[in-house]
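Derivation of every value follows stated rules applied to the coordinates shown; laboratory data play no part. The shown structure was predicted, so the numbers you read here are calculated from the model rather than taken from an experiment.
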Amino acid sequence: MNQSQIIEKMQTIFDKLFLEPVVLTPELSAKGVEEWDSLMQISIVVAVESLFNIRFKMGEVEATQNVGQFADLIARCLASKAS
């Protein structure tokens, strides 16, 4: 699964969690979305783990700077799970 496919799947999570529409792009970060605070971040991570059936290691998500990097992390987790 590539970055754009992952972002497309992630869009469903954002559509459910956020009150205002958020259009995901690789460059988008929490700073660009008023509603995206630390509690929302936890909800996003939990929903992503559930949707993709993966688990992140401590600090992995915090190291990402934007949606694109987060999608790349998801792709790496999916690849390591498949091998």
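Summary of values
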read-out: Label corresponding to Kirkwood radius over Cα pairs in Å when calculated from the structure given, among [x] 14.1; [y] 12.4; [z] 12.9; value: [z]
read-out: Full-extension gain in nm, ALA30 to LYS9, via 0.36 nm per residue minus C-alpha separation; value: 5.8 nm
read-out: Helix 38-52 vs. the chain, principal-axis angle (Cα, 0 to 90°, nearest 10); value: 40 degrees
read-out: Length-normalised contact order for the chain - Cα pairs under 8 Å, 6+ apart - percent; value: 39 percent
read-out: HN-Hα J in Hz across region 11-17 - Karplus 6.51, -1.76, 1.60, θ = phi - 60°, x for Gly and Pro; value: 4, 5, 5, 5, 5, 7, 7
